[in-house]
Amino acid sequence: MPIIPLKAIRRRSEEDFRELDYRVMGIAFAVQNELGRLFEESVYKNELSYRLLKNGIEVAREFPVLLNYKSFEKTFFIDLFVDNGIVYEAKIAAAITGSHRAQTLNHLFLTDTQHGKLVNFRPVEVEHEFVSTKLDRESRTQLQISDNNWLNCNAESKRFQG
């Protein structure tokens, strides 16, 4: 299944990620301290990306990644793709949820990167959470199904068994 990012992507070590993330989050906290917590998401993404660039940190806002499989085609957009290898998802929600984590993990899989961060600007203090995976593209696409403990409870269940 072809996945086509706009430009080359670099996988980062955890140490590189943490070092850069420290700088990014310092800027994110400054943005919320100055703007408050009641703007819409695009305002925070715009201001954060502007300040990252101003501080010499490369960032692509709404970074597109094209997924193409047979007749299916969809473009995903990553809120902030920092230094060609780190996914940042900006939110304005009461709290970070499982669907936010799943979206960020999906973006890691699409970019074949390992480290990302959710940043929620709505709470009184910026809420942030790491989202990471050790899986690379090859290991994610290898799947084995074990139906040793399959229970055929009715005729319909038999059609789902491999």
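The values are calculated or read from the model by the stated rules, or taken from the named source; none is laboratory data. Predicted model only: the values in this text are computed from it and were never measured. Glycine gets a Cβ as well: all are built from the backbone with ideal geometry, and neighbour counts include every protein chain shown. The area values use the complete protein model at the heavy-atom level, side chains included, leaving out ligands, DNA and RNA. Shrake-Rupley method; radii C 1.70, N 1.55, O 1.52, S 1.80 Å.
Please tell me if residue 137 is in contact with a Phe, Trp or Tyr (Cβ under 8 Å, 6 or more places away or on another chain), at pLDDT below 80 and over 21 Å from residue 42 (Cα atoms).
Yes; evaluated as a whole, the condition is true for this residue.
Pairs needed: first member in region 79-94, farther than 14 Å from residue 130 by Cα; second member anywhere, part of a loop (DSSP other than H, G, I, E, B) and aliphatic (A, V, I, L, M); C-beta distance under 7 Å; at least 6 residues apart or different chains.
Matching pairs, first to second residue: 82/57; 83/57; 84/8; 84/9; 85/9.
Among the residues of region 130-143 satisfying the criterion of being polar (S, T, N, Q) and in a loop (DSSP other than H, G, I, E, B), which is most open to solvent (accessible area, probe 1.4 Å)? Walk me through how you get there before you give the answer.
Filtering region 130-143 down to residues polar (S, T, N, Q) leaves 132-133, 139, 141-142.
So of that shortlist, the ones also in a loop (DSSP other than H, G, I, E, B) come out as 133, 142.
Working: 133: 19, 142: 124 Å².
Filtering first and then ranking leaves 142.
Run down 157, 71 and say which single residue is modelled with pLDDT under 95, more than 20 Å from residue 19 (Cβ to Cβ), of a type in the set (Gly, Ala, Ser) and open to solvent by less than 20 Å² (accessible area, probe 1.4 Å). Can you show your working first?
Numbers: 71 fails: open to solvent by less than 20 Å² (accessible area, probe 1.4 Å).
Exactly one of 157, 71 is modelled with pLDDT under 95, more than 20 Å from residue 19 (Cβ to Cβ), of a type in the set (Gly, Ala, Ser) and open to solvent by less than 20 Å² (accessible area, probe 1.4 Å), namely 157.
What are the residues in region 74-105 that are of a type in the set (Ser, Thr, Tyr) and surrounded by fewer than 22 Cβ atoms within 10 Å (Cβ to Cβ), if any?
Matches in region 74-105: 75, 97, 99.
Just to be sure, is residue 58 open to solvent by 30 Å² or more (accessible area, probe 1.4 Å) and free of Cβ contacts under 8 Å to residues at least 12 places away in the same chain?
Considered against the rule, which asks whether it is open to solvent by 30 Å² or more (accessible area, probe 1.4 Å) and free of Cβ contacts under 8 Å to residues at least 12 places away in the same chain, residue 58 comes out as no.
Taking the stated definitions as given, is residue 146 assigned to a helix (DSSP H, G or I) and among the hydroxyl-bearing types (Ser, Thr, Tyr)?
Spelling it out, it is not the case that residue 146 is assigned to a helix (DSSP H, G or I) and among the hydroxyl-bearing types (Ser, Thr, Tyr).
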